[in-house]
Each structure stands twice: as C-alpha cells, then as structure tokens.
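Trainee: Here you go, one structure.
The values are calculated or read from the model by the stated rules, or taken from the named source; none is laboratory data. No experiment lies behind these values; they were computed from the predicted model shown. Methodologically, a virtual Cβ is constructed for each residue, glycine included, from the backbone with ideal geometry; neighbour enumeration extends over all protein chains shown.
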Amino acid sequence: MIKEDMYKESRAGAFPEADGHGCISSHVKRIGHQDTPGGAQLVYQDGYLFVGHISPPAGTSIFDVRDPRNPSLAATIELPDSQSHSHKVMVHGDLMIVNSQRHRRKFFRKSEALDSVEARLALEFGRRPTEKEIAQALNVKPEDIDTLRAELENGYTNGGFRIYDISNPARPRALSFQPTGGMGAHGFDFDGQYAYVSTEMDGFRGNI
C-alpha cells in the first residue's frame, strides 16, 4: 500500500523527476556517484565504503569517500574461484570479514533433490523418468539437469569466510580463510573479536 501511494504521489508530481542516473529522491540530495559492478551489502567506516558484490569475479570493493563529492576506488578484491560470490562484508577497526557462498545457491540447492525426485517419478510412472520430466518437477530447464548432476557429484568446497587486515584500506591483506561447509556463509555479524555466522557447518544446520 505504501509503495502504491508513493507511486501515485510521484505520478502526481509530489516527487521530483528522476535525474540522469534514474535516481528519485525527496528531502535528500545526492552529491556523489560511483559506478560499481553491482552491490549487495555496504558498510562505512572512517571515510571508506566497503561494498560486497553479488556476482563473480567481483568480490569486494573499497571506496575512498572522504570527499563524498568525488568518491574513488581504493582497492578491489577478486574472488579466487568462479563458483562463489562474496556479497556480505563487515568491518571493525583494522579487520574486515567477507563471506564465501555458492553463487546461485538456490538453483544449485536443487541438486540435493535430484535422487529423491527421480525415485519418486520412477515409482509414479512405473519407468525411468525423462530429463524433461525431472526438470519439470524441479522447476528448471531440461538442459540444467546435467549441470545439477555435476554439482551433486563434485559438490561445493569453497564455502566459508575470509578475514582481511584493512589497517591500510587501499591495500587489504588476506589473513585467513575459515571453511564452513555446505553452501557457505550467508548473513553474519562481527564485533571485532567474535564473528556470528549463519552457515551450514556439520552439526549446526537447522540448529543454533
């Protein structure tokens, strides 16, 4: 309802027209802009903006925004593999933590159901199901089945989180990688000493 009201107000001229970048704002004024290869979580600390990206190979970007009218790219961290994304970032003091999670995890999660779906359809049809029938049951394209079978066979082993030294934000230095299993780390918080991570480590999936 709120979105609908805002839309009606904007159509009625209550909001200003969009600027050259498609931005519409009311009671706030944009003073700077910086293109990025897509972003998810953004964290600000001491004049720097830390941006986690959603699609590989982009991992994390660090922008110098001490002059907000002229933001500039201070550093980039690319992902070490094409299977992961690193869209979450937290900073505290001289430390930065970023996640490593299976890219397109909701799609690849369907691989876990392949065997049970195929068995259910075989029982239902009295014969081995076709790729098309399996795909329909999983709500994917028939050409996706081979990709899901490969995922089921090979698994995903790069899930976890990475810790960086950002005492010099322009030169982040990798300190460690903590594997967590499963599809990797998703949401987390960090207080400078402890990281509170939502993950799928053995024995903790579905538990706290």
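Trainee: Give the residues of segment 104-130 that are of a type in the set (Asp, Glu) and either exposed (fewer than 14 other Cβ atoms within 10 Å of the Cβ) or within 30 Å of His53 (Cα to Cα) (or both), sorted by residue number. Don't jump to the end; show me each part of the working.
Mentor: Taking segment 104-130 first, the residues of a type in the set (Asp, Glu) are 112, 115, 118, 124.
Within segment 104-130, Glu112, Asp115, Glu124 qualify.
Trainee: Restricting segment 120-144 to residues that are in contact (Cβ under 8 Å) with a residue 24 or more places away in the chain and assigned to a helix (DSSP H, G or I), which is nearest to Pro80 (Cα to Cα)?
Mentor: Residue satisfying both the conditions and the ranking: Asp144.
Trainee: Can you confirm whether Leu49 is part of a strand (DSSP E or B) and surrounded by fewer than 16 Cβ atoms within 10 Å (Cβ to Cβ)?
Mentor: Details: part of a strand (DSSP E or B): yes; surrounded by fewer than 16 Cβ atoms within 10 Å (Cβ to Cβ): no.
Answer is no for this residue.
Trainee: Something else about it: Among the residues of segment 87-116, which ones are of a type in the set (Ser, Thr, Tyr) and touching a Lys or Arg at 6+ places or on another chain (Cβ under 8 Å)?
Mentor: Step one: list which residues in segment 87-116 are of a type in the set (Ser, Thr, Tyr), which gives 100, 111, 116.
Selection gives Ser100, Ser111.
Trainee: Would you tally the residues in segment 155-202 being surrounded by 14 or more Cβ atoms within 10 Å (Cβ to Cβ), part of a loop (DSSP other than H, G, I, E, B) and either outside the structural domain of Lys88 (by TED's automatic domain parsing) or aliphatic (A, V, I, L, M) (or both)?
Mentor: Total meeting the criteria: 4.
Trainee: Now a separate question. Are any residues in segment 88-119 hydrophobic (A, V, I, L, M, F, W, C) and part of a strand (DSSP E or B), and if so, which ones?
Mentor: Start the filter on segment 88-119 by keeping residues that are hydrophobic (A, V, I, L, M, F, W, C), which leaves 89-91, 95-98, 107-108, 113-114, 117, 119.
Matches in segment 88-119: Val89, Met90, Val91, Leu95, Met96, Ile97, Val98.
Trainee: Within segment 84-111, track down each residue that is in contact with a helix residue (DSSP H, G or I) (Cβ under 7 Å, 6 or more places away or on another chain) and more than 30 Å from Phe63 (Cα to Cα). Give the derivation first.
Mentor: In the first step, residues of segment 84-111 are kept if they are in contact with a helix residue (DSSP H, G or I) (Cβ under 7 Å, 6 or more places away or on another chain); the result is 102, 108, 110-111.
Phe108, Lys110, Ser111, listed by residue number.
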